[in-house]
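Undergrad: Quick one: structure below, then a few questions.
The values are calculated or read from the model by the stated rules, or taken from the named source; none is laboratory data. What you are looking at is a predicted structure, and each value in this text was computed from that prediction instead of being measured. Here the Cβ positions follow ideal geometry from the backbone for every residue, glycine too, while neighbour counts run over all protein chains shown.
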Amino acid sequence: MLLRYPGGKSRLLSNIIPYITDLIKDNENILSYCEPFLGSGSIAFNVLKKDNYIKKVILNDKDYALSCLWNTVLFNFEELEQKILDYKPSVVDFFHFKEVLTRRDEVLREEDPVSISLKKIAIHQMSYSGLGVMAGGPIGGKKQNSNYNISCRWNPENIVKKFKKIRLILCKYDILENNIYSLDYKEIIEKANKHTFMYLDPPYYIKGKDMYMCGFDDNEHYLLSQILKESEAKWILSYDDCDYIRNLYKWANMEGFRAKYYIKTIRNKKEILIFSPNTSQ
Ligand SMILES: C[S@@+](CC[C@H](N)C(=O)[O-])C[C@H]1O[C@@H](n2cnc3c(N)ncnc32)[C@H](O)[C@@H]1O
């Protein structure tokens with residue numbers, strides 16, 4: 001895993017990555033790759049490391065600290081690298097970082113981006129289940145009297161190595177406006193056209209609100225489905241498998257696999273993949 005992050009797609013990698021990489025590789029008309037919900041980039045960075053015809057990359061996550069981290073990895077890594085190597089996790093920092101990273105965006109944007117980036121990496125490594133600011137406390141608890149302590153997932157050399165790899169992968173591409181955006185997904189989907197492939201991984205329907213600073217309500221899930229209906233891009237969407245989402249995309253199920261869209265269940269994983277009408281299977 002590149003960065004401990006809730007909903008990172010490690011369980012789905014072997015299903016999604018070969019599908020997307022083949023689709024992109026076999027299709028000379030796909031010239032840009034877009035992820036409106038980048039998170040830890042577990043799909044994007046694994047897809048983009050393979051050979052393809054992609055020229056432009058459009059990446060985004062509304063969580064400002066996360067976009068700040070990816071921009072720093074890309075454009076100002078030396079400074080961040082030293083901070084990672086020098087850093088030692090502590091319970092005091094966990095709560096301090098949580099306080100800073102949950103400030104309103106306008107206030108957070110006044111902080112030094114490299115220092116936000118370090119806080120973002122560290123809080124995910126120090127927290128239960130990688131939940132970051134959404135975790136109640138650090139690994140090992142406030143008193144640090146468990147078998148696992150707050151530093152058990154802090155391996156600075158390894159973290160630096162992973163970020164260097166990501167940087168090398170992204171350097172091959174033209175990143176749109178040299179920015180990994182922190183916008184609302186709607187503004188990002190607008191940038192996609194018929195030559196774009198999009199992978200979309202919005203917050204889960206059932207647990208999403210407890211997992212991310214930026215969550216989705218029912219209306220937002222609905223809006224996403226409407227926007228995707230209109231999009232010219234080729235796309236794949238992943239979700240937790242639940243009735244609400246199946247209903248939202250039930251037009252997909254009605255005509256089965258020959259339909260314009262379809263839903264495929266990955267057995268035992270309780271996740272669904274939804275494909276755009278113009279992605280041939
Ligand atoms: C399921 S996670 C993505 C996980 C990602 N695929 C990975 O590999 O780590 C969903 C992401 O959507 C982001 N998000 C939530 N609301 C958003 C919005 N309105 N626009 C863009 N991103 C949003 C969250 O910050 C979160 O990182």
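Undergrad: If I ask for residues that are of a type outside the set (Lys, Arg) and farther than 28 Å from ILE116 by Cβ, which ones from the range 39-64 would you list?
TA: ASP51, ASN52, TYR53, ILE54 - these are the residues of the range 39-64 that are of a type outside the set (Lys, Arg) and farther than 28 Å from ILE116 by Cβ.
Undergrad: Can I ask one more? Is there any pair linking a residue in the range 204-217 that is more than 12 Å from MET134 (Cα to Cα) to one that is among the small types (Gly, Ala, Ser) and near the ligand (Cβ under 6 Å from one of its atoms), with Cβ under 7 Å and at least six apart or on different chains, and which?
TA: TYR204/GLY7
Undergrad: Report whether or not LEU3 is modelled with pLDDT of 95 or more and within 9 Å of the ligand (Cβ to nearest atom).
TA: Spelling it out, it is not the case that LEU3 is modelled with pLDDT of 95 or more and within 9 Å of the ligand (Cβ to nearest atom).
Undergrad: Does the range 204-211 contain at least one residue that is modelled with pLDDT of 85 or more, within 19 Å of LEU59 (Cβ to Cβ), out of contact with any Cys (no Cβ under 9 Å at 6 or more places or on another chain) and surrounded by 15 or more Cβ atoms within 10 Å (Cβ to Cβ)?
TA: Scanning the range 204-211 turns up no residue that is modelled with pLDDT of 85 or more, within 19 Å of LEU59 (Cβ to Cβ), out of contact with any Cys (no Cβ under 9 Å at 6 or more places or on another chain) and surrounded by 15 or more Cβ atoms within 10 Å (Cβ to Cβ).
Undergrad: Out of PHE95, PHE45, PHE163, which single residue is more than 30 Å from ASN27 (Cα to Cα) and not β-branched (Val, Ile, Thr)?
TA: None of the others qualify; the one that does is PHE95.
Undergrad: Among the residues of the range 212-251, which ones are within 12 Å of ILE272 (Cβ to Cβ) and surrounded by 15 or more Cβ atoms within 10 Å (Cβ to Cβ)?
TA: Those that are within 12 Å of ILE272 (Cβ to Cβ) and surrounded by 15 or more Cβ atoms within 10 Å (Cβ to Cβ): ILE236, LEU237, SER238, TYR239, ASP240, ASP241, ILE245, ARG246, LEU248, TYR249.
Undergrad: Every residue in the range 166-203 that is within 17 Å of the chain's Cα centre (by Cα), surrounded by fewer than 20 Cβ atoms within 10 Å (Cβ to Cβ) and of a type outside the set (A, V, I, L, M), please.
TA: Once the filter is applied, which keeps residues that are within 17 Å of the chain's Cα centre (by Cα), surrounded by fewer than 20 Cβ atoms within 10 Å (Cβ to Cβ) and of a type outside the set (A, V, I, L, M), the range 166-203 yields ARG167, ASN179, ASP184, LYS186, GLU187.
Undergrad: Go through the range 6-38 and give me each residue that's under 30 Å from LEU118 (Cα atoms), part of a loop (DSSP other than H, G, I, E, B) and at pLDDT below 95.
TA: Across the range 6-38, the qualifying residues are PRO6, GLY7, GLY8, LYS9, SER10, ARG11, LEU12.
Undergrad: Same structure, new question: Being within 13 Å of the ligand (Cβ to nearest atom), free of Cβ contacts under 8 Å to residues at least 60 places away in the same chain and under 23 Å from PHE216 (Cβ atoms) narrows it down to one of SER42, SER67, so name that one.
TA: SER42
Undergrad: I'm checking my understanding of the structure. Among residues of the range 70-113 that are surrounded by fewer than 19 Cβ atoms within 10 Å (Cβ to Cβ) and hydroxyl-bearing (Ser, Thr, Tyr), which one is farthest from LEU59 (Cα to Cα)?
TA: Here the answer is SER90.
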